[in-house]
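The structure under discussion appears below in the form of structure tokens.
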Amino acid sequence: MQITSRFSFFALLFLTMSLVSSAKDDKTSDQDGGQVDTEEEVEAYIDHHLEDSHYFNLFSDGKTGEHFGIPLPVIIYDFDNGFHAFSASKFHHGEDLVEINGQHYKLYHSKIYKTDAEGTISYDEEGFVENEKPIDFSITKNVIGMILASVLLFWMFTSLAKSYRKNQIPKGIGRFLEPLVIYVRDEIAKPNIGPKYKKYMSFLLTVFFFIWLLNLLGMTPLGFNVTGNIAVTFALALVTFIIVQFSGNKDYWKHIFWMPGVPIPMKIVLMPIEILGMFTKPFALMIRLFANMTAGHVVIMSLLGLIVVMQNWIAGPAFFGFTIMISVIELLVAFLQAYIFTLLSALYIGMAVEDHSDHSEDVPVV
């Protein structure tokens, strides 16, 4: 009970700090440092908040537009120019060009492009940037977020493991983690995977706590939006896809390519559908997590933006109250999305390792 109270206190503290920080930062534009008081500027600020960044901005001065933060390492590979590493401070928030061996690079909307000496950005007829991009291996803000989450998870579970090795009752953070670990084992792994669940517990626990912690970090003033990055959700879904396919037994593959118990013409029809289903399952995992977390950030930032745009003593408190309510719901969604991703991953693994030895080709078709 004491740990739950402490967790609730810190969750509420981080939530309040996030709202205050977001409300203050809504008054500045990362691109030009000006006041954000129009719908277009609010929309641009929301887009910037959702994007990854080569800077870890801590706060901004609303009067001068000056940013205070940490420039992150930039690591790029250009097929014509090779590997290069330098600090993002050389870009000065996209205002300056970086010249390396006669080639110029520009940071534009959180992406690095090759440009001419004037830094020209060209667009095609559909409005997409035509400039060539080097391969970007930079340590961005989202990468820092994942590293931070990994370190926290390592510290938390190391503490829990030490208690188990000493046959002691978990203390501190371990007392909070233990019921969650048991919940994942008893309510997610066992019912969906079956007797072989132990083999996959490490993956399920990792993906559950990793996603949940990243979702919670996205609610803090640190400004992470890791699970709102489709590249991250794609990587998580890809790991699930690989585990499922390599865990599949002969019955799993038989049900995909030559389903038992149905007439041969139907087997031919069902085969491409089942093959497509192999890819739609991880695709659903990827889109569900990405869309839900992105939508939550957009709604919260939009409500805060309405406070600035409307500048009304009635609308301000009302929208701020709505923001508080949505933020509390987002705390629930942060857990729910981690739970759903883990549950569906366990379900897909269970379908792959399920023993179908009782099924027969001679089962009559009704």
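The values are calculated or read from the model by the stated rules, or taken from the named source; none is laboratory data. Nothing here was measured: the structure is a model prediction, and the numbers come from that model. Just so you know, the surface numbers come from the protein's heavy atoms only, side chains and all, with ligands and any DNA or RNA stripped out. Shrake-Rupley method; radii C 1.70, N 1.55, O 1.52, S 1.80 Å.
Counting only heavy atoms of the protein chains, get the accessible area per residue of segment 186-333 (1.4 Å probe) and round it to a whole Å² value.
That works out to 49 Å² per residue.
Using only the heavy atoms of the protein chains and a 1.4 Å probe, how would TRP313, TRP253 rank by accessible area, largest first?
Values: TRP313 205, TRP253 80 Å².
Largest to smallest exposure gives the sequence TRP313, TRP253.
Can you send over the carbon and sulfur percentage of the accessible area for segment 116-190, probe radius 1.4 Å, protein chains only? Intermediate results must be reported in sequence, preceding the final value.
Details: 2840 of 4870 Å².
Carbon plus sulfur share of accessible area: 58 percent.
If each residue of separation counts as 0.36 nm, what is the full-extension length gain between PHE246 and LYS267 once their alpha-carbon separation is subtracted?
Values: separation 21, 0.36 × 21 = 7.56 nm, distance 2.32 nm.
This chain segment gains 5.2 nm when fully extended.
Expressed in nm to one decimal, what extension gain is obtained for the pair PHE83 and LYS196 from 0.36 nm per residue of sequence separation less their Cα-Cα distance? Could you put the intermediate results ahead of the total?
Details: separation 113, 0.36 × 113 = 40.68 nm, distance 4.51 nm.
Residue separation times 0.36 nm, minus the Cα-Cα distance, leaves 36.2 nm.
Whole-Hz ³J(HN,Hα) for each residue in segment 225-237, computed from phi via Karplus 6.51 cos²θ - 1.76 cosθ + 1.60 with θ = phi - 60°, x for glycine and proline: what do you get?
Couplings: 9, 5, 6, x, 9, 5, 5, 5, 5, 5, 5, 5, 5 Hz.
As a test question: what accessible area, to the nearest 10 Å², does PHE283 have when a 1.4 Å probe is rolled over all protein chains in place?
120
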